[in-house]
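These notes are about the structure you will find just below.
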Amino acid sequence: MCYWILTVTGHVIAETTVQHVTRDDTLEPKIATQIDDFNERLNVRLDDTNFRLANDEGGFTLDDEYDLPQWDSAYGDNGGNPDDVPLADVEDIDIETYDKYIGAKIILNEEQNNGGNIATVKRRVTDEYGRPIGQAHSNPLFDTREFEIELETGESEKIMANQIAMNLYSQLDDEGREMMTFKSIIDHKSNNSALTIENGYIQLSDGHKKCKQTTRGWKILVEWRDDTSTWMDLKDVKEANPIELAEYAVANNIEKEPAFGWWVPYVFKKRDRIIAKTKAKYWRTTQKALNKEMSKAKVSYEEVVGCTPDEVRANKVTELKGFQEIECHLIFDVKMDFTRKARFVAGGHMTETPVGLCYSSVVSRDSVRIAFLVAALNDLDILACDIGNAYLNAPCRENIWFEAGIECGQSLKGKVMKLVRALYGLKSSGASWRHMFKTFIETHLGFTPSITDPDMYYRHQSRPDGADYYELLLVYVDDVLACSHDPKTIMETIGKKFEIKNDAYGPPDRYLGGDVEQFTLPDGRIVWSMSSNSYVEGAIDTVQRLLAEDGRQLKIRQLKTGNKKMKGPLPHGYKPELDTTPELKAEYVSRYQQLIGILRWAVELGRIDIQVEVALLSQYQMNTREGHIEGLYSIFHFLWKNPMCNRNFKVRFMGPRGLLGTMPHGYKPELDTTPELKAEYVSRYQQLIGILRWAVELGLVQIRI
């Protein structure tokens with residue numbers, strides 16, 4: 001980018017590197033004095049009164065304008081016409097009367113508009129009665145008008161006024177100057193002042209020739225993103241886009257012209273040098289990540305000696321009869337912290353579904369909450385760890401072979417490989433790992449799986465003071481959570497058998513997407529707390545980003561409820577089953593389903609204050625209307641305004657009807673004549689029964705269920 005700079009002498013120069021004066025600079029007395037001095041000298045330099053020519057001959061000057069003759073009678077007497085209407089001031093013009101957006105050209109996203117980049121605003125969008133939709137406002141944020149735009153392809157779309165304003169303002173800098181975005185170079189020309197090849201070189205004393213460093217006489221036609229084009233001096237294009245200009249010169253065989261020959265080779269050398277250094281810098285870390293992954297993944301396969309891939313495909317190898325052929329490959333990604341991550345995976349989509357069970361369960365969120373409650377009741381410590389490359393520890397349950405590629409090493413390329421470990425990507429890898437780790441927990445650690453949750457293990461243990469309690473071990477694939485008075489011993493035992501990621505374990509701060517925190521109560525007791533604050537914050541950021549793409553903010557749009565007051569997640573009286581708004585467009589249905597999934601997990605993490613509303617709107621994922629997705633936005637707005645919701649696992653013993661009490665005296669459930677429970681609450685009843693059974697099993701309560 002090139003900047004035009006006004007010097008103190010009144011001349012304008014072009015520079016590509018500038019240092020702006022910031023607000024903090026203006027607060028410095030020394031710099032403020034320099035700024036005032038610059039402004040004063042520049043005002044003197046540009047003051048027209050200092051450059052007025054002397055007029056001693058009595059000729060015509062601007063001061064004599066009132067002595068001009070009157071208008072010719074043939075063209076009127078310059079008098080006022082009673083039918084003339086004076087023009088209104090800009091501030092007095094009605095926004096609805098003068099529409100400044102009509103005819104404007106805006107730059108759209110090429111990927112989201114079928115390749116149409118430039119669009120023209122054609123007209124206002126009207127309803128079925130021909131009335132314009134929306135209300136104009138001087139503030140673009142509150143302008144609700146809709147416009148029809150025409151793309152380059154001839155297609156028409158609808159767009160909001162605030163989106164048009166945002167697009168137009170994005171093409172201006174902070175001082176209101178229009179920024180032109182470079183697209184391509186489409187033509188060139190030169191005049192007689194341009195040097196020719198014959199006179200464009202200087203003969204040196206040693207016999208060599210040196211190019212004259214000049215760009216005089218050359219013009220370049222530049223095309224901008226808004227489809228306009230401008231003839232610019234070669235020197236300005238060279239400063240702004242040297243690589244594009246050099247490539248254009250080579251493509252059009254003008255790179256040997258004196259105006260190009262002295263700098264084009266240097267630009268290419270500099271570009272290649274920068275690319276080479278970048279490749280050398282980042283390829284080292286990339287190659288390191290690839291080598292690290294393959295050194296771990298090589299335990300998952302072994303070579304079958306004495307055969308070729310064609311022989312195996314022809315079913316001529318007895319050892320591999322009945323084996324399925326798949327493809328394995330490396331996937332690579334750069335994380336947000338710029339670390340490189342590689343993973344050797346199998347093409348599990350190419351295999352048939354195994355006959356055996358492939359299901360792999362994980363610990364439930366209720367069991368996690370119960371574990372924290374048990375830790376609070378028994379004053380236990382909690383440690384967590386993550387097992388690295390978990391699947392590679394388990395044997396492969398499927399008969400799989402593949403032809404090795406270059407990622408397996410040059411010596412093994414083209415060889416027949418048989419999978420012996422549960423490689424990532426196979427259908428049975430999850431179940432194989434769970435079975436292996438379950439066996440280890442039961443045989444080596446002595447834990448027993450719970451009846452209500454097979455991924456929550458318990459083991460009888462005694463404290464140093466002789467008090468008995470149950471240690472708990474929770475497993476979510478490769479995430480392990482241990483509750484004990486000495487959980488470090490459990491973690492060290494696991495670390496001897498498996499690789500713990502980063503060789504680190506400690507108190508959990510996040511588990512299953514929820515925030516975990518340990519703090520001390522005023523009475524000195526240490527308790528655990530789980531919250532969904534970070535998850536909700538991330539979900540709100542996601543929704544705000546999606547809405548920003550639509551040109552709107554996370555605000556509540558009034559739903560048809562008959563009551564404008566809203567204190568909960570949804571407006572009072574809103575009934576989604578009676579919503580008559582238009583059906584949602586196809587591209588927004590997937591967003592609706594995505595938002596439902598986000599909110600369901602928030603409920604799982606403890607936001608029970610939105611459980612009913614999310615359940616209601618979950619019924620309309622196949623026949624979604626605009627009012628339904630606005631209801632979801634209302635729920636997210638409610639979460640935005642009420643972000644905090646913690647669950648503290650603390651002990652409080654209550655009376656006979658309290659937390660650890662029994663049912664009301666004299667109550668007989670077999671004689672209960674209250675209405676039958678609704679279907680949606682039956683599963684909740686069964687869930688509560690399971691929790692109480694587990695509480696009885698742990699000795700937390702003594703009740704009969």
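The values are calculated or read from the model by the stated rules, or taken from the named source; none is laboratory data. No experiment lies behind these values; they were computed from the predicted model shown. Virtual Cβ from ideal backbone geometry, glycine too; neighbours counted across all protein chains shown. SASA here: full protein model, heavy atoms, side chains in, ligands and nucleic acids out. Shrake-Rupley method; radii C 1.70, N 1.55, O 1.52, S 1.80 Å.
Of note:
- Surface per residue (accessible, 1.4 Å probe) for the stretch 298-410, Å²: 54 Å²
- A simple spin-label model places the labels of ILE243 and GLU407 2.9 nm from each other, with each point 7 Å out along Cα-to-Cβ.
- For the stretch 240-246, Karplus couplings with θ = phi - 60° (6.51, -1.76, 1.60), whole Hz, Gly/Pro x: 7, 9, x, 5, 4, 5, 5
- Sparse-neighbour loop sites [trypsin sites (Lys or Arg not before Pro); the stretch 292-394; at most 13 other C-beta within 10 Å; DSSP]: LYS316, LYS321, LYS335
- Global geometry of the stretch 398-466, whether rounded, prolate or oblate, following the gyration tensor of its Cα atoms and the 1.5 cut on a/c: prolate
- FRET E, pair THR181, TYR359, Förster distance 51 Å, beta-carbon r, rounded to 0.05: 0.45
- For the stretch 240-279, the residues whose backbone nitrogen is under 14 Å from a point 7 Å from the Cα of ASN199, taken along Cα to Cβ, are 258.
- Loop GluC sites (Glu not before Pro), the stretch 349-429, which have at most 14 other Cβ atoms in a 10 Å radius of their Cβ (DSSP): GLU352
- Accessible surface ranking for GLU146, GLU198, 1.4 angstrom probe, highest first: GLU198, GLU146.
- Placing +1 on the Cβ of every Lys and Arg and -1 on the Cβ of every Asp and Glu, with nothing else charged, gives the stretch 365-455 a dipole about its Cα centre of roughly 540 debye.
- Calculated FRET value between ARG23 and MET622, using beta carbons and R₀ = 51 Å, to 0.05: 0.40
- Additional length obtainable on full extension of the chain from ALA467 to THR49, 0.36 nm per residue less Cα span: 140.5 nm
- Taking Cβ atoms as reference points and 11 Å as the exclusive limit, the residues near TYR457 contribute a net charge of -2, counting Lys and Arg as +1 and Asp and Glu as -1.
- Taking the 1.4 Å solvent-accessible surface of the stretch 481-532 as the whole, the part contributed by carbon and sulfur is 47%.
- For the pair GLU15 and ILE451, the difference between a 0.36 nm per residue extended length and the Cα-Cα distance amounts to 149.5 nm.
- Listed residue pairs exceeding 24 Å between alpha carbons, taken from LYS296/LYS415; LYS183/LYS212; LYS288/LYS488; LYS219/LYS277; LYS210/LYS235; LYS296/LYS501: LYS183/LYS212; LYS288/LYS488; LYS219/LYS277
- Cα gyration tensor, the stretch 563-643 - rounded (a/c under 1.5), prolate or oblate: oblate
- Per residue, the solvent-accessible area of the stretch 183-232 (1.4 Å probe, heavy atoms of protein chains only, all protein chains present) comes to 68 Å².
- Counting charges near ILE197 (Lys, Arg +1; Asp, Glu -1) among other residues having Cβ under 13 Å from its Cβ returns a value of 0.
- FRET efficiency for the ARG273 to LEU221 pair, using the beta carbon distance and R₀ = 22 Å, is estimated at 0.15.
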